[in-house]
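The values are calculated or read from the model by the stated rules, or taken from the named source; none is laboratory data. Because the structure is predicted, anything quoted here is derived from the model rather than measured. Note that each Cβ is placed from the backbone with ideal geometry, even for glycine, and that neighbours are counted across all protein chains shown. Ligands, DNA and RNA are stripped out before the accessible areas are found, and what is left, the full protein with its side chains, is counted by its heavy atoms. Shrake-Rupley method; radii C 1.70, N 1.55, O 1.52, S 1.80 Å.
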Amino acid sequence: GVDGSFMKDSGIIAYVQETLEKLPEEGCCTISVGGMSAGMEYPGIKLAVISDMQLLRVREHKHKSSKKAPSNRQRINSYADLAPGDLVVHEVHGIGLFAGIKKMKVDGFEKDYIMIRYAGTDTLYVPATALDMVTKYLGAAEDQHVKLSKMGGAEWSRARSRAKAATKKLAGELIKLYAERARIPGHAFAPDSPWQREFEDNFGYTETDDQLRSINEIKADMESETPMDRLYRLLCGDVGFGKTEVALRAAMKCILDNRQAAILVPTTVLAQQHYQTAVQRFFGFPITVEVLSRFRTPAQIQKTLDDLKTGKCDLVVGTHRLLQKDVKFKSLGLLIVDEEQRFGVTHKERLKELSRGVDVLTLSATPIPRTLALIIYGDLDISVIDEMPPGRQKVDTFAVTESYRTRLNGFIRKLVSEGRQVFVVCPMIEENEELPPNVKSAQEHAAELQKYFPNLKVACVHGKLKAKEKNEIMQSFVAGDIDILVSTTVIEVGVDVPNAALMIV
């Protein structure tokens with residue numbers, strides 16, 4: 001624990017008193033024994049109560065800062081989260097296979113090099129000083145088989161030229177699209193009706209000023225008749241700051257003016273969550289909400305498609321399935337895109353078709369550079385929710401070492417006994433051919449936790465599960481039936497479980 005010497009080193013007068021009998025004198029510090037999860041402050045009487053964990057973290061941080069700079073090997077190891085077998089791109093030589101790190105003697109000095117294997121038997125050795133030439137391959141998710149480049153071949157140069165030409169063409173198409181958007185008359189939505197006000201009054205929480213300002217900005221654009229002032233806006237805010245509620249109020253305004261609204265989301269889990277939120281919020285109003293995703297049967301999907309064409313469906317929440325050619329709307333008035341950066345180029349082409357003459361609202365916690373550039377140079381407006389909702393606790397982040405594992409397990413037990421839940425995020429799954437040393441898979445983590453906490457319900461969710469299985473596990477977690485959920489990054493896009501008080505990464 002913390003003793004008087006720690007205070008002395010920091011120039012603070014301190015006394016050790018195991019049993020507290022009186023408050024410390026002004027300007028002094030008393031060290032005592034007790035149990036607290038966090039500290040507290042009373043400025044009125046100039047008293048601060050600080051837990052040992054807070055001081056230990058300060059000391060650990062100071063100790064770390066005195067360490068020497070990372071070696072080249074550490075620099076390489078941390079570079080772009082590379083693991084043997086990952087595809088990488090060298091600026092000059094193209095796509096290759098990362099094959100690990102090798103020490104080699106050059107000019108009498110031993111240095112670390114990363115090895116990249118290319119087509120045939122060629123291997124490239126890249127020194128730490130030239131790592132800016134190498135990036136992790138970030139091709140489209142649908143690329144199943146990527147062809148390795150030939151070292152020094154003209155093929156890579158041609159591919160780069162084609163990519164530059166395609167980028168130029170896409171930029172030209174975007175300019176045309178924005179010019180077209182400016183010409184097409186927008187629909188001027190009617191002012192708020194009594195039902196709109198009733199819907200907003202039914203919100204179970206107190207809105208933040210940022211939320212209210214954002215929805216007023218959005219409504220003003222929706223009501224405008226000028227095409228250039230039509231809603232084309234980015235709503236930016238952290239997870240849990242209330243973007244969804246603002247989006248649903250905009251959807252309600254659209255629907256009450258006899259238009260349809262669509263919410264496009266990147267994952268099936270998120271689609272299900274948005275769908276359930278929408279159903280709960282629109283309960284008691286004559287509004288039909290449906291969902292389009294892999295969770296639905298072919299018959300359910302066909303019914304939704306028919307309802308969209310005839311206008312029976314007022315609001316649809318959908319994944320990429322919403323972008324397929326067979327999806328037709330009777331009168332789409334508002335398109336809400338959640339986390340636009342998760343959609344590829346082909347999806348965005350279809351999005352452009354959908355958004356002609358339609359109001360567009362994009363939601364994001366982390367907007368992509370192109371979106372930000374549109375705010376600065378284009379016609380995209382921005383509304384920011386930067387205010388934490390009342391009653392919401394701020395996120396505290398702690399970096400802990402393996403030696404804290406026992407304490408962490410104790411903390412997990414305490415939280416679960418209070419009725420809270422725990423997320424454990426692990427990027428690896430068992431099916432990976434080769435796990436780096438000392439790295440456990442999500443399944444191994446789940447098995448270990450179940451063994452350590454035999455009386456708790458532990459579950460594991462990862463990308464190799466079928467969509468239905470993933471959904472069932474996530475629904476059980478949201479419902480509170482699972483105490484600890486071990487997951488890979490399939491849950492990284494905006495899944496909201498308010499009762500999960502701890503996330504271990």
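Within the range 452-472, the set of residues being farther than 14 Å from Ile482 by Cβ and part of a helix (DSSP H, G or I) comprises Tyr452, Ala467, Lys468. Within the range 272-311, the set of residues being open to solvent by 40 Å² or more (accessible area, probe 1.4 Å) and under 25 Å from Val246 (Cβ atoms) comprises Tyr275, Gln276, Thr277, Val279, Gln280, Phe283, Gly284, Pro286, Thr288. Residues in the range 312-323 that are of a type in the set (A, V, I, L, M, F, W, C) and not in a helix (DSSP H, G or I) were compared, and the one that is nearest to the chain's Cα centre (by Cα) is Val317.
When we screen Lys164, Lys150 for residues that are part of a loop (DSSP other than H, G, I, E, B) and either open to solvent by 60 Å² or more (accessible area, probe 1.4 Å) or among the hydrophobic types (A, V, I, L, M, F, W, C) (or both), the only hit is Lys150.
For the range 103-124, what are the residues that are part of a strand (DSSP E or B) and surrounded by 14 or more Cβ atoms within 10 Å (Cβ to Cβ)? Hits for the range 103-124 are Lys111, Asp112, Tyr113, Ile114, Met115, Ile116, Arg117, Thr123, Leu124. Figure legend. Inter-residue proximity from the range 463-478: first residues over 16 Å from Pro498 (Cβ atoms) and at pLDDT 80 or above, second residues surrounded by 15 or more Cβ atoms within 10 Å (Cβ to Cβ) and of a type in the set (Gly, Ala, Ser), beta-carbon distance below 8 Å, spacing 6+ or different chains. Indicated pairs: Ile473/Ala459. Inside the range 405-417, can you point out the residues that are free of Cβ contacts under 8 Å to residues at least 24 places away in the same chain and within 27 Å of the chain's Cα centre (by Cα)? If the condition is that a residue be free of Cβ contacts under 8 Å to residues at least 24 places away in the same chain and within 27 Å of the chain's Cα centre (by Cα), then Arg405 is the only one that fits. Selection of first residues in the range 252-271 that are open to solvent by 20 Å² or more (accessible area, probe 1.4 Å) and of second residues that are among the hydroxyl-bearing types (Ser, Thr, Tyr) and not in a helix (DSSP H, G or I), restricted to Cβ pairs under 8 Å at least 6 apart or on distinct chains, gives the following pairs, ordered by first then second residue: Leu256/Ser193; Asn258/Ser331; Arg259/Ser331; Thr267/Thr319.
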